[in-house]
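K.L.:
Take this structure first; my questions come after.
The values are calculated or read from the model by the stated rules, or taken from the named source; none is laboratory data. These numbers come from a predicted model, not from an experiment. Neighbour counts run over all protein chains shown; Cβ positions are idealised from the backbone, glycine included. Each accessible area value is taken on the protein alone, full model and side chains, heavy atoms only, with ligands, DNA and RNA left out. Shrake-Rupley method; radii C 1.70, N 1.55, O 1.52, S 1.80 Å.
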Amino acid sequence: MELSVYNIKGEDTGRKVTLNEEVFGIDPNEHAIYLDVKQYLANQRQGTHKSKERSEVSGSTRKLHKQKGGGGSRIGDINSPVLVGGGRVFGPRPRDYRFKLNKKVKELARKSALSLKANEGQIKVLENFTLEAPKTKEFLNITKNLQVPEKVLLIMPSTDKNVYLSARNVPGAAVMGAKDINTYSILNNKTILLTEGGLEVINQF
């Protein structure tokens, strides 16, 4: 697959680049994508949730009334889960949600996501550029000139500090180095802007 190269003014430079068919032209594996996205989201969880159980609630452990002969149900102390203010039964406890995923599965998922974007025509190639200083307005002008939505992922050969800071305040926009991209980031954006340098790195995946 060949794509035209645009400059930051949105003009076609007349040059074309070739997307590696082994990266952008495979048959997407939906299950691999599901597993990789699931792992990514699980890794974002802090897992610090905690509620107090019966033995942890502050309160007397005195038995409220005798076991039998009162005509009512049996009951223990005031910390019983059936009483207001009592402990919670089987409440959440701190845990680690991370799980292992094979390297080849993650690679397949990433290539599948890139192939989906290529098939849907949601990839644009941009010639290499840099910004002299962090300016949000300049980044917005680039997206406006290229006629792409603000929810866009810009992939560069490596992280450019000025470009990153320029995009940081734009809702939905993200800037990543080519080696740092993941399946979730690719699918979570409407358009993928690939610089020529970033494409060279990704073509080697």
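K.L.:
Taking loop as defined by DSSP and a crowding limit of 11 other beta carbons within 10 Å, which chymotrypsin sites (Phe, Trp or Tyr not before Pro) in the range 84-122 fit? Intermediate values should be presented prior to the final figure.
P.N.:
Values: sites: F90, Y97, F99; in loops: F90, Y97, F99.
Listed in order of number, the matching sites are F90, F99.
K.L.:
Let me make sure I get this right: for the range 27-71, a, b and c are the square roots of the gyration tensor eigenvalues over alpha carbons, sorted descending. Under 1.5 in a/c it's rounded, otherwise prolate if a/b > b/c, else oblate. Which is it?
P.N.:
Working: a/c = 11.83, a/b = 3.28, b/c = 3.61.
Oblate shape, in that a/c is at least 1.5 and b/c is the bigger or equal ratio.
K.L.:
Using Cα springs under 10 Å in a Gaussian network model of the chain, which residue among T159, T48, T13 shows the largest mean-square fluctuation?
P.N.:
Largest GNM mean-square fluctuation: T48.
K.L.:
Leaving out ligands, DNA and RNA but keeping every protein chain, what accessible area does I78 have, in Å² rounded to the nearest 10, with a 1.4 Å probe?
P.N.:
Accessible surface of I78 is approximately 80 Å².
K.L.:
Only helical DSSP H runs with n ≥ 4 go in: add -39500 (n - 2.57) per run for the chain, normalise by residue count and round the 222 nm mean residue ellipticity to 500 deg cm²/dmol. Write out the running numbers ahead of the final one.
P.N.:
Values: 7 runs with 65 residues, N = 205.
About -9000 deg cm²/dmol.
K.L.:
Right, here's the next one. Between D180 and N102, with labels modelled 7 Å along Cα→Cβ, what's the label distance in nm to one decimal, could you check?
P.N.:
Those two pseudo-labels are separated by 2.9 nm.
K.L.:
Say R0 is 45 Å: what FRET efficiency, to the nearest 0.05, do V82 and N162 get from their beta-carbon distance?
P.N.:
Values: r = 61 Å, r/R0 = 1.36.
It comes to 0.15.
K.L.:
Using 0.36 nm per residue of separation minus the Cα-Cα distance, give me the extension gain between R62 and H49 in nm, one decimal.
P.N.:
On the way: separation 13, 0.36 × 13 = 4.68 nm, distance 2.93 nm.
So the extension gain works out to 1.8 nm.
K.L.:
Test of understanding: what is the full-extension gain from R15 to E138, defined as 0.36 nm times their sequence separation minus their Cα-Cα distance? The partial results should precede the final answer.
P.N.:
Details: separation 123, 0.36 × 123 = 44.28 nm, distance 2.38 nm.
Extra length available between R15 and E138 comes to 41.9 nm.
K.L.:
Per residue, how big is the convex hull around the C-alpha atoms of the range 128-205? Give it to me in cubic angstrom, could you? All intermediate terms of the calculation are to be shown ahead of the outcome.
P.N.:
Numbers: hull volume 6.4 nm³, N = 78.
So the per-residue Cα hull volume is 81 Å³.
K.L.:
Can you pull the one-decimal nm distance between simple spin-label points at F205 and M1, each 7 Å off the Cα toward Cβ?
P.N.:
Label at F205, label at M1, 1.2 nm between them.
K.L.:
What angle, in degrees between 0 and 90 and rounded to the nearest 10, separates the Cα long axis of helix 103-119 from the longest principal axis of the Cα atoms of the chain?
P.N.:
60 degrees
K.L.:
Which shape class, rounded, prolate or oblate, goes with the range 40-119 when its Cα gyration tensor gives a ≥ b ≥ c as root eigenvalues, a/c under 1.5 marks rounded, and past that a/b bigger than b/c marks prolate? Provide the component values of the computation, followed by the final result.
P.N.:
Details: a/c = 5.32, a/b = 4.16, b/c = 1.28.
Note, shape of the range 40-119 comes out prolate.
K.L.:
From the residues T130, Q67, L101, which one has its Cα farthest along the dipole of the range 55-133 in the positive direction, the dipole being from +1 and -1 charges on Cβ of Lys/Arg and Asp/Glu about the Cα centre?
P.N.:
It is Q67.
K.L.:
Continuing with the same structure: I'd like the orientation of helix 136-145 relative to the chain: the angle between its Cα long axis and the longest Cα principal axis, in ° from 0 to 90, rounded to 10.
P.N.:
That works out to roughly 60 degrees.
K.L.:
Which of R95, R74, R54 ends up with the largest GNM mean-square fluctuation for the chain, with Cα atoms connected below 10 Å?
P.N.:
R74
K.L.:
Next question. Give, as a single signed number, the net charge of other residues whose beta carbon lies under 12 Å from the beta carbon of P149, with Lys and Arg counted +1 and Asp and Glu -1.
P.N.:
Numbers: positive: K124, K144, K151, K190; negative: E150.
After counting each charged neighbour, the total is +3.
K.L.:
Can you list the HN-Hα couplings for the range 151-168, worked out from phi with the Karplus curve (6.51, -1.76, 1.60; θ = phi - 60°), rounded to whole Hz and with x for Gly and Pro?
P.N.:
7, 9, 10, 9, 10, 10, x, 8, 5, 9, 4, 5, 5, 4, 5, 5, 8, 4
K.L.:
Take every DSSP beta bridge with both residues inside the chain and express the antiparallel ones as a percent of the total, to the nearest 5. Working shown, then result.
P.N.:
Numbers: 4 of 18 bridges.
Once the DSSP bridges in the chain are tallied, antiparallel ones form about 20 percent.
K.L.:
I'd like the orientation of helix 30-44 relative to the chain: the angle between its Cα long axis and the longest Cα principal axis, in ° from 0 to 90, rounded to 10.
P.N.:
Computed tilt is about 60 degrees.
K.L.:
A follow-up question, please. Enter the Cα centre distance for the pair the range 126-205 and the range 20-56, rounded to the nearest angstrom.
P.N.:
23 Å
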